[in-house]
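Below is one structure, written out as structure tokens; comments come after it.
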Amino acid sequence: MEGLGGLADPQLFNETLEISKWKQETLLQQLKMMLIIRGAEEKLAEGTVAGKIKCPCHLGIGQEAVAVGVSTNLRSTDRVFGAHRSHSHYLALGGSVEGLFAEVLGRVTGCSKGMGGSMHLYDGARGFMGSVPIVAATIPLAVGAGLAAKMDGRGDVAVGYFGDGAAEEGVLHESLNLASSLNLPVLFVCENNFFASHLHIGLRQPSDSIARFAEAHHIPNEVVDGNDVVAVTGAAARMINRARRGEGPSFLEAVTYRWKGHVGPSDDIDVGVKRNQDLTKWKGRDPVRRLAKAMQEKGFLSAERFSKVQEEVSTFINAAWMKAEQGDFPDQAALLDLVYFRKDEKR
Ligand SMILES: Cc1ncc(C[n+]2csc(CCOP(=O)(O)OP(=O)(O)O)c2C)c(N)n1
């Protein structure tokens with residue numbers, strides 16, 4: 001069975017990116033956004049180690065290019081659904097960093113009023129419809145949003161992000177079938193990082209490529225280097241434009257790697273499967289460094305300007321953290337307000 005081939009090899013595809021077709025301004029925005037996502041997740045790792053964060057945080061450090069590449073093509077009326085590792089999906093749409101920090105700290109100023117934590121992020125105004133802990137559970141919701149978008153006829157699309165592990169849930173296959181049969185404007189985005197919790201894909205599936213399931217449902221698909229932000233942006237543009245034109249669903253498999261363990265800040269280099277050598281090699285395919293290097297080589301970004309941008313991002317992240325820590329905890333009496341709703345209750 002055909003698999004990922006060279007894309008699964010961290011020592012291949014670690015060259016400088018081919019950016020000549022892209023606007024300097026777009027690339028700079030993408031670089032900044034990737035730095036913000038990485039900085040925010042590093043802060044979450046620190047906050048966990050310091051014992052300030054009590055909720056589980058699934059960090060996606062190393063995977064930033066996927067959400068940034070996809071989101072570059074989206075508008076606020078599109079509907080985007082994440083999963084358990086979704087800080088990047090929320091932030092890349094413009095979600096508030098302070099809102100994320102306050103949420104994981106359980107403060108009322110959080111993006112879900114401090115009631116949800118890392119796996120229940122929400123920013124409806126920017127089209128982020130939510131992250132949830134249940135693997136694959138948001139994929140059919142994205143299909144439902146795709147059906148709504150089709151009925152509305154305004155050219156909006158729905159996006160469902162999930163990992164390679166979601167392919168082991170039947171609902172992904174049901175969702176692909178329905179989206180294909182009804183020709184819905186849905187972009188399925190699989191972040192294939194090879195792991196589901198602590199199990200490597202080689203121990204779970206007969207092939208390491210997930211796009212084969214799209215093929216089975218006659219859904220156009222592309223498999224790209226998920227650590228190459230311009231490759232992701234280009235593929236997502238083709239797919240989202242198809243959906244906006246009424247040409248139905250697409251499936252993007254972005255091959256990437258998470259630098260941290262399944263949950264929390266540890267590297268998880270020995271979880272039964274040893275990943276220390278792979279991790280070192282995958283850090284060579286760093287999506288942030290590769291974009292910065294390409295921009296520097298093209299003369300789009302001087303070394304001084306890059307340092308300045310890094311400094312600005314770091315100041316911004318630290319300020320957001322300090323502000324988030326000042327937020328109040330929700331009132332205990334409000335604990336059930338957003339969970340249960342009685343029919344006779346006024347809202
Ligand atoms: C339905 C369901 N089964 C199992 C779990 C436990 N679980 C949480 S994350 C995860 C692995 C998911 O792997 P993948 O979809 O590849 O995403 P990644 O963690 O690699 O980003 C599992 C098995 C769950 N949350 N929901």
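No value in this document is a laboratory result; all are computed from the given coordinates. Model, not experiment: these values are computed from the prediction. Positions of Cβ are generated from backbone atoms using ideal geometry, with glycine treated the same way; all protein chains shown enter the neighbour counts.
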- Note on the structure: Note, segment 17-22: 3J(HN,Hα) by Karplus (6.51, -1.76, 1.60, θ = phi - 60°), whole Hz, Gly/Pro = x, goes 6, 8, 10, 4, 7, 9
- When only C-alpha pairs under 8 Å and at least 6 residues apart count, what is the relative contact order of segment 21-324, in percent? 22 percent
- Specify the residue with the greatest mean-square fluctuation among Ala211, Ala158, Ala50, computed from a Gaussian network of the chain linking alpha-carbon atoms under 10 Å apart. Ala50
- Task: Would you calculate a helix-derived [θ] at 222 nm for the chain, using -39,500 (n - 2.57) for each DSSP H run of n ≥ 4 and dividing by the full residue count, to the nearest 500?
- Result: -12500 deg cm²/dmol
- With the dipole of segment 21-324 defined by +1 on each Lys or Arg Cβ and -1 on each Asp or Glu Cβ, the option from Gly261, Gly226, Val309 whose Cα lies farthest towards the positive pole is Val309
- Query: Ignoring the sites themselves, what is the longest stretch of the chain with no GluC sites (Glu not before Pro) in a DSSP loop and at most 11 other beta-carbon atoms within 10 Å?
  - Reply: 3-344
- Query: Amide H of Asp268: which non-local residues (sequence gap of 5 or more, or other chain) have their own amide H closer than 5 Å, using H built in the peptide plane?
  - Reply: Gly261
- Message: Could you derive backbone 3J(HN,Hα) for segment 39-49 from the dihedral phi with the Karplus parameters 6.51, -1.76 and 1.60 (θ = phi - 60°), listing whole Hz in sequence and x where the residue is Gly or Pro?
- Response: x, 5, 6, 5, 5, 5, 4, 4, x, 6, 4
- Once amide H atoms are placed 1.01 Å from N in the peptide plane, what residues at a sequence separation of 5 or more from Ala83, or on another chain, have their amide H within under 5 Å of its amide H? Val132
- With charges only on Cβ, +1 for K and R and -1 for D and E, what is the dipole size of segment 157-250 about its Cα centre, in debye, rounded to 20? 340 debye
- Quick one: which of Lys32/Lys54; Lys23/Lys308; Lys52/Lys323 span more than 26 angstrom between C-alpha atoms? Lys32/Lys54
- Query: Dipole of the chain (Lys/Arg Cβ +1, Asp/Glu Cβ -1, origin at the Cα centre): which of Val288, Tyr122, Gly153 lies farthest to the positive side?
  - Reply: Gly153
- Length-normalised contact order of segment 1-144, Cα under 8 Å, at least 6 apart, in percent, tallies to 21 percent
- Using only the Cα atoms of segment 160-253, build the gyration tensor, take square roots of its eigenvalues as a ≥ b ≥ c, and label the shape rounded, prolate or oblate: rounded if a/c is under 1.5, else prolate if a/b is larger than b/c, else oblate. oblate
- Query: Looking at the square roots a ≥ b ≥ c of the eigenvalues of the Cα gyration tensor of the chain, which shape do they give, rounded for a/c under 1.5, prolate if a/b is larger than b/c, or oblate?
  - Reply: rounded
- Item | ³J(HN,Hα) computed for each position of segment 231-247 - Karplus, 6.51 cos²θ - 1.76 cosθ + 1.60, integer Hz, glycine/proline x | 5, 5, 4, x, 5, 5, 4, 4, 6, 5, 5, 4, 4, 5, 7, x, 9
- Antiparallel DSSP beta bridges within the chain, percent to nearest 5: 20 percent
- List the lysines whose Cα lies under 21 Å from the Cα of Lys274, skipping any in the same chain that are fewer than 8 positions away. Lys260, Lys283
- Task: Would you work out the charge dipole size for the chain about its Cα centre, treating the Cβ of every Lys and Arg as +1 and the Cβ of every Asp and Glu as -1, and quote it to the nearest 20 debye?
- Result: 640 debye
- For Lys21, which aspartates and glutamates qualify as cross-link partners when the Cα separation must be under 16 Å and same-chain residues fewer than eight apart are set aside? Asp228, Glu297
- Could you state the number of Å between the C-alpha centres of segment 61-127 and segment 202-259? 21 Å
